[in-house]
Amino acid sequence: MSSQMMEGKVVIVTGSGRGIGREMALQMAAQGARVVVNDVGVSVSGEADDEDPGREVVEAIRAAGGEAVLSRDSVSEWDSAQRIVQQAMDSFGRLDAVVNNAGILRDRIFHQMSPEEFDAVIRVHLYGSFYMSRAAITGFREQKSGAFVHMTSTSGLVGNLGQANYAAAKLGIVGLSKSIALDGVRYGVRSNCIAPFAWSRMVGSIPASDPAQAARVEKVKSMTPAPIAAMAVFLASDAASEVNGQVFTVRRNEVFLMSQPRPLRSLHRGEGWTPELLAEHMLPALKPSFLPLDTSADVFGWDPV
């Protein structure tokens, strides 16, 4: 196995038994990293699964001459997240990067979504990203270096139907990442996000409700996880030392730097505002700049390059 961008680094990749996570773990190892392959081995909805994909990834890395260990702890609990980080320290003596990739889906139109469906998704995606990052940050501060790579989604950045829980978690991760970047920069800690476009179990679980959506799903199938994994490797490496607090979207051969909320237009009234004046003056002035109710498919409406 060649020594390249991640030589000497130790990386945790959560949810790395399948799909994007699996490809990230394999590419990290191919670039010289020692990898903690974290996967609890559940279905896309978080239910028990008889397969052992995490073990298969570890064996693949070792067969290629790399070093990897398997973690079966869940990111959705504080104590188990601590154990994942400790396993990296016990196995390899250090930790240099955490890729927060683990996730589940419980899609439902909003008026039918249960509290349990909302909570389950928030716990794995948002709480999991917090627990893992919080567990790793102490060591990162002490060694004056460390990188977090969080997986967000255009479902949160832009919007999507039937994914209020997922969108809330993924947009929350962007805020979490930016806060980690701001608080950690003085200690050499970096934190960035990737919004991936690739075929995976989670994408495959989204029902195609009409022919247009079915056609779009077929196009998504052509997008492999490899370019996303390449971005994760780059962001975890020292080559990205000047990249912090950013959000990237990766779609096959396309890479996008995503905007972050900033004022679009402003309106000032020296005498102050009343509800009536807001309706009379503010609404017609600012309405032309209102953002439409777009979904991810509307914004990324062209075929992947």
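Couple of notes before you dig in:
- Convex hull per residue volume in Å³, alpha carbons only, for the stretch 46-162: 136 Å³
- Between helix 128-143 and the chain: long-axis angle, C-alpha atoms, 0 to 90°, nearest 10: 60 degrees
- Hypothetical label at Ala230: residues of the stretch 9-34 whose amide nitrogen lies under 19 Å (7 Å Cα-Cβ projection): 19-33
- Radius of gyration over Kirkwood radius for the chain, both on Cα atoms: the Rg/Rh ratio is 1.01.
- Extension gain for Leu278 to Phe290 (0.36 nm times residue separation, less C-alpha to C-alpha distance): 2.8 nm.
- Estimated 222 nm signal from helices in the chain, with DSSP H stretches of n ≥ 4 weighted -39500 (n - 2.57), rounded to 500: -11500 deg cm²/dmol
- C-alpha long axis of helix 211-220 to longest principal axis of the chain, angle in °: 40 degrees
- Estimated FRET transfer efficiency (Ser259, Ser114; beta-carbon r; R0 41 Å; 0.05): 0.80
Throughout, read-outs are computed from the coordinates displayed, never taken from laboratory work. As the structure is a computational prediction, the values presented were derived from the model and not from experiment. FYI the Cβ positions are ideal-geometry reconstructions off the backbone, even for glycines, and counts take in every protein chain you see.
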